Amino acid sequence: MFNYITGKVAFLESNMVVIENNGIGYSIFVANPYSYMEGEEVTVYVYNKVGEDENSLYGFKSKDERTLFLKLLSVKGLGPKVGMGFFATGSVAGIVDAIDRENVLYLKKFPKVGDKLAKQIVLDLKGKLGSVNVEKTDAAVDSFDLISVLESLGYKSQDINRVVPNVDKNIDIEDQVKEALKLLLK
């Protein structure tokens, strides 16, 4: 089993990144491939899904994301593709908080998560996420949320990738969006 892969981002696709390591390109499904930059040296923590007709790698920017993903996979009716959807628009801290507070409405905002699955997630995981460290705040998570918001507003990924590095990460997400919109309009 793979734990992590360190290498250069060879290229991006709509739902994955290809990481080159020692001449081998690993296709890794990620929640938001546009949070990576081509040519950048990265470490991606992976989950290797092996099935009858599947051998896939799912990647995460931190061990905590992967730990939470593995906990989500333990929920009846939740597979890896649905689990990846949680990381497209949510942060680890937000997801853990929603589960611990039984916030079904927050959980239902994720793709393919309805009322029944959201309640099952709370039932199976409430109080069992102590191994997920939510104290860390990561600028990549902030950028990731900003990228998601800008994509939902219809901006192209190349424009988003151009302005996101210039946005102050120490302000709240609403102010980050305002600042990014100003930069996009220039």
> When residue 20 is evaluated against the numbered criteria (1) buried (at least 18 other Cβ atoms within 10 Å of the Cβ); (2) among the acidic types (Asp, Glu); (3) part of a strand (DSSP E or B), which criterion, by number, is the only one it fails?
Replying inline: (1)
> So residue 87 fits all but one of (1) crowded, with 21+ Cβ neighbours inside 10 Å; (2) outside any helix (DSSP H, G or I); (3) under 12 Å from the mean Cα position of the chain (by Cα); what number is the exception?
Replying inline: (2)
> If you go through region 157-176 one residue at a time, do you hit one that is charged (D, E, K, R), at pLDDT 70 or above, loosely packed, with under 12 Cβ neighbours inside 10 Å and part of a loop (DSSP other than H, G, I, E, B)?
Replying inline: yes
> So how many residues does region 1-21 have that are farther than 17 Å from residue 88 by Cβ and at pLDDT 95 or above?
Replying inline: 11
>> So in region 44-62, with the set limited to residues that are surrounded by 14 or more Cβ atoms within 10 Å (Cβ to Cβ) and without any contact (Cβ under 8 Å) to a residue 40 or more places away in the chain, which one is nearest to the chain's Cα centre (by Cα)?
In response: 60
> Filter region 92-112 for residues that are touching a residue at least 12 places away in the same chain (Cβ under 8 Å) and crowded, with 20+ Cβ neighbours inside 10 Å; which is nearest to residue 152 (Cα to Cα)?
Replying inline: 110
>> in the same structural domain as residue 116 (by TED's automatic domain parsing), under 30 Å from residue 158 (Cβ atoms) and in contact (Cβ under 8 Å) with a residue 24 or more places away in the chain: is that true of residue 84 in this structure?
In response: yes
>> Condition check: modelled with pLDDT of 80 or more, among the charged types (D, E, K, R) and part of a loop (DSSP other than H, G, I, E, B). Does residue 128 satisfy that?
In response: yes
> How about region 63-76: which of its residues are surrounded by 16 or more Cβ atoms within 10 Å (Cβ to Cβ) and under 30 Å from residue 165 (Cα atoms)?
Replying inline: 64, 65, 66, 67, 68, 69
>> Filter region 1-17 down to the residues that are in a strand (DSSP E or B) and either of a type in the set (Phe, Trp, Tyr) or in contact with a helix residue (DSSP H, G or I) (Cβ under 8 Å, 6 or more places away or on another chain) (or both) and list them by number.
In response: 4, 11, 12, 16, 17
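The values are calculated or read from the model by the stated rules, or taken from the named source; none is laboratory data. Just so it is clear, the structure is predicted and the values come from calculations on it, not from any experiment. A quick note on method: Cβ atoms are made from the backbone with ideal geometry, for glycine too, and the neighbour counts reach across all protein chains shown.
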